[in-house]
1. With more than 17 Å from residue 90 (Cβ to Cβ), touching a residue at least 40 places away in the same chain (Cβ under 8 Å) and basic (Lys, Arg) as the only criterion, which of 19, 24, 43 stands out?
2. Taking strands (runs of 3 or more DSSP E) that fall entirely within region 183-252, which contain at least 3 residues that are free of Cβ contacts under 8 Å to residues at least 24 places away in the same chain and within 21 Å of the chain's Cα centre (by Cα)?
3. Filtering region 200-223 down to residues that are aliphatic (A, V, I, L, M) and over 27 Å from residue 250 (Cα atoms), which residue is surrounded by the fewest Cβ atoms within 10 Å (Cβ to Cβ)?
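Nothing in this text is a laboratory measurement; each read-out follows from the coordinates by a stated rule. Quantities reported herein were computed from a predicted structural model and do not represent experimental measurements. Quick reminder, even Gly has a Cβ in these numbers, built from the backbone with ideal geometry, and neighbours come from all protein chains shown.
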Amino acid sequence: RLAQDADLLVAPLFEEGGRVLLYRRSTGTLQELVRVVIEERTRATVHAEQTTFGIFPIGYGPDGALLFARLSTAGTDVLSVQADDEPVQRFHASDHIARDWRISPDRRWLAFLAPEAALERIVHRARVVAINGGGDATPAAPSTTGEQYGPTWTPDGRALTVGQEAEVGDFAAATLLVLNGNEGATLPAPERGFDVPVAWSPDGRYLAARTFDGVNSVNTGSERAVVIGADGTRRPLSATTEVILIGWYVHA
């Protein structure tokens, strides 16, 4: 047992190759970001603040600072903090609630979903921002302007994979959004519904995903776990109960 005081509303993060665990601890309006060194079983609070909205751990940037998101009446901001220092704001992510933070393998880019207006409704779309400044990257956009899901980096960090909502009675394939104007690619689509990427295998051959037979996040339908191959295969993971995808285990 690593901790008994984690806030169960916020998913913990493994960092540094699985050697470090980050989680949020909440006591009333006090929220703390806690770092656990697993082998040593040691814990330390990296940052704490009083808030009625929320702070959320994102992971470590290229300079070793912990990135976290802060919600407020102004929307969502991304900040960084070093041990015993005051947090520094990196950028304003959205005037609303942004979510699904993913740092690229080289720690240079941060992908997330931010809400925007499209066709008289609000949808979440993927954005990619340079962690150390330099502006946004421009991913190759799919033809749809609808909702996107589960931004997931490929192991080489050259592309971002996102799911997209389906048309009514149709399907939508997960799409590789290659950065800086290069041509993207489309993965094998479900027979019906849409996919939400979870994690690529380390060799980049397979994508673990959640697949839904509904239309979008409002009407999801039923859920299954699936492994999607870059070679065009789809392998559903069958079980009599719910399947929760955690990650890939590499057997040496």
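1. 43
2. Numbers: elements: 193-200, 206-212, 223-229, 234-237.
In region 183-252, the matching strands (runs of 3 or more DSSP E) lie at 223-229.
3. Taking region 200-223 as the starting set, the residues that turn out to be aliphatic (A, V, I, L, M) are 207-209, 215, 218.
The next check asks that each one be over 27 Å from residue 250 (Cα atoms); those that pass are 215, 218.
Details: 215: 21, 218: 9.
Ranking the candidates gives 218 first.
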